[in-house]
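Encoded as structure tokens, the structure appears first; notes follow it.
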Amino acid sequence: MIKFILRRLLLTIPTFVALMFVTFIAIRLVPGDPVEVRTGEHGISPERLAYFRHELGLDQPVWKQFLDYVWQLLHGDFGVSLSSNEKVLTEFLTLFPATLELSLVAILFAVILGIPAGVFAAVKRGSWFDHTLMGAAVAGFSMPIFWWGLLLIMLVSEGWHLTPVAGRIDMIKYYFEPTTGFMLIDSLLSDQKGAFLSAVHHLVLPMIVLGTVPLAVIARMTRSSMLEVLSEDYVRTARAKGLSEFRVISLHALRNALIPVVTVVGLQVGGLLAGAVLTETIFSWPGVGKWLIDSIGRRDYPALQGGILLISSLVIIVNLLVDLLYGAINPRIRHG
Amino acid sequence: MANVTTPATAQPAGPFVAFWSAFSQNRGAVGGLVILLTIIILAVFADWIAPYSAIEQFRGMTKLPPAWAEGGDKHFWLGTDALGRDMLSRLIYGARISLFIGLSVMSVSVAIGITLGLVAAFMGGAVDSVLMRIMDLIMSIPSLVLAILVVSILGPSLTNTIVAVSVVYLPNYVRLVRGSALAEFGKDYIIAAKVAGVGPIRLMFVTVLPNCLAPLIVQAALGVSNAILEAAALGFLGLGAQPPTPEWGAMLADAREFIRSNPWIVTLPGLAILVSVVSINLFGDGLRDALDPKLRRS
């Protein structure tokens, strides 16, 4: 097991180096003078240009610049945002809990609805429920979620006035310092009446929008995996023993059917972050996705560079954890 | 021999007949194909079918509802947008753009994917490792974030959208081709071909490749729909096709401010994206079931 973990860890090192290299190159490929790109100033005087060129290390050979960049990254220096003059890492960490909360709630929503729906469809194979669910699943993972979000806002927020259109909480009524950064928890801790409810209200639509594609994928995967397991001998044995249908399905079949589903849930992480960019933009959700898009609008390249690096590192780490977890559950992977 | 009648079932069906009989059993797939063909026809003959140009603005005709709704005009079936452009015409021309993006992305990433995948499989060693690490890297960056990175460097445009989305989907094909090529390697016909003196290029593209095609075709079909979605998302974020191009995602972005007042301007372009993506996915599912029984998801 230790050997497996070490090998898997070693394999991620080249990926990280390559990631640093790509972001290093990327900012150099932006059209325009590199100093202007990085300082956000235009038409600066030659003296200042020379000063910045030296300050930013642009007068060094490229390989030295790359090593300096890596050195800075290893010391947690991800650059300074042009628009806010804050450290990119600080900005990212302030906004990240919002994205994390949204993503966790969305994947929870997808799992809680998707697994029972998939199981039920498999058990009632060929029924109207099965057909409807599979039809809905195709629509679900074909969904342009930015449109789905607008549609829900149109219907639920504007039409029925059930939920707010934007943000994480009613900022006029409630204010408290973030403790955990998770609005659901912070609002409970704040002891302000109605704050939690307001946070939930704000979260419902973004959760549905971001959870739709994973929901469809999980429901489909659970169904097909369940169908496979239900035809296995041990399920027949369980039935022959006279166990109740509920016991057979929930204890004997589902436990084995869930293994591929766990992998699929793990694979959704990258997709969730991509979806979060769109969802946050539509609902003005103050997370890293919206921040990234805003940075493009502001031509804030250092923020963009640092943000992409941080988000991608996160995905690499999560994928690594999923792999290790999977190796722990399933010994065949470890030795493969 | 002429007077001997053999029952039709005794003749081995041609590959296409066999494919079609498997494909046509799947009603969803046939439905998807029909819708897809309709969209293709609309896209190809847009110049004749669309009632107006996609960018012609009708003064005093802005934000008209569809013809059947109150206040609609029978000259504009699906109404007009905020600049008085005919929605139906824009949607039809939009089909052309979306299909063009989908097919270009697919062709570019399939072509490069096949080459890199075969090279990785044949060369092995360091080349293989380096290529696969690069693919790992591309896959570790969330698709839309990677596309954003590419577009923010190259600048937003239709061409750059295609480049960005092609890069995003490249690893799928490289890994698929490499995997199936490696699986073929141990087989006797490869050894036979080598013994017969077949050169490496011929071995790659003529001997091995045709045997890896089935999963590749399936992946390519589904890749078209993914590319359409991804490009529409970029368009929606303002990083894809630029105005006045009638790209569906960009149309949605323009329509955002009219959520409250003119819901149909928001509804129609999204519906167009959904319908085309669903039809391609249904068709792709059918292809998978018919071409590659191993991948069939019961």
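Numerical summary
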| read-out | value |
| --- | --- |
| Distance histogram in 20 Å bins (all Cα pairs of the protein assembly as shown, percent per bin) | 16, 48, 31, 5, 0 |
| Extension gain from A:I2 to A:S84, taking 0.36 nm per residue of separation minus the Cα-Cα distance | 25.1 nm |
| Where only alpha carbons of the range B:27-111 are counted, the Rg and the Dmax (Å) | 15.6, 51 |
| Residue-averaged [θ]222 nm for chain A, counting only DSSP H segments that reach four residues, each worth -39500 (n - 2.57) | -24000 deg cm²/dmol |
| A versus B: buried accessible surface, summed, Å² (probe 1.4 Å, to nearest 100) | 3700 Å² |
| Surrounding net charge for A:V213, when Lys and Arg each add one and Asp and Glu each subtract one, Cβ distance under 14 Å | 0 |
| FRET E, pair B:V127, B:V195, Förster distance 22 Å, beta-carbon r, rounded to 0.05 | 0.35 |
| Convex hull (Cα only) mean projected area of the range A:170-220, reported in nm² to one decimal | 4.1 nm² |
| Sequence-separation-based contact order of the range A:1-144, relative, with Cα cut under 8 Å and 6+ spacing, percent | 11 percent |
| Dimensions (Å) - chain B, Cα atoms, principal axes, largest first | 76, 63, 33 |
| Efficiency of FRET between A:I172 and B:T115 - r from beta-carbon atoms, R0 60 angstrom, step 0.05 | 0.55 |
| Estimated inter-spin distance, B:T38 and B:E56, nm [label 7 Å along Cα→Cβ] | 2.5 nm |
| Inverse mean reciprocal Cα-Cα distance (Kirkwood Rh) of chain A, Å | 23.1 Å |
| Rel. contact order, % - alpha carbon contacts under 8 angstrom, at least six apart, the range B:163-298 | 23 percent |
| Whole-Å semi-axes of the range A:235-336's equivalent ellipsoid (Cα gyration tensor) | 43, 18, 6 |
| Backbone HN-Hα couplings from phi across the range B:192-205 [Karplus 6.51/-1.76/1.60, Hz, Gly and Pro as x] | 4, 5, 5, 4, 6, x, 6, x, x, 5, 5, 4, 4, 8 |
| For the range B:128-179, Kirkwood radius (reciprocal of mean inverse C-alpha pair distance, Å) | 11.4 Å |
| Using a Förster distance of 45 Å, the FRET efficiency for B:L203-A:H75 (Cβ separation, nearest 0.05) | 0.35 |
| Kyte-Doolittle at least -1.0, axis length at least 15 Å by Cα - qualifying DSSP helices, chain A | A:2-29, A:62-74, A:88-123, A:128-141, A:195-230, A:254-282, A:301-329 |
| log₁₀ of I(q)/I(0) at q = 0.11, 0.16, 0.20, 0.21 Å⁻¹ - the range A:52-177, Debye sum with one point per alpha carbon | -0.75, -1.01, -1.25, -1.31 |
| Cα gyration tensor shape for the range B:99-153, rounded if a/c is under 1.5, else prolate or oblate | oblate |
| Sulfur and carbon atoms: percent of accessible area, the protein assembly as shown [1.4 Å] | 67 percent |
| Percentage relative contact order, chain A, counting C-alpha pairs under 8 Å, at least six apart | 27 percent |
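The values are calculated or read from the model by the stated rules, or taken from the named source; none is laboratory data. As the structure is a computational prediction, the values presented were derived from the model and not from experiment. As a convention, Cβ positions derive from the backbone with ideal geometry for all residues, glycine included, and neighbour counts pool all protein chains shown. For the accessible areas, the whole protein counts, side chains as well, though only heavy atoms, and no ligand, DNA or RNA atoms are used. Shrake-Rupley method; radii C 1.70, N 1.55, O 1.52, S 1.80 Å.
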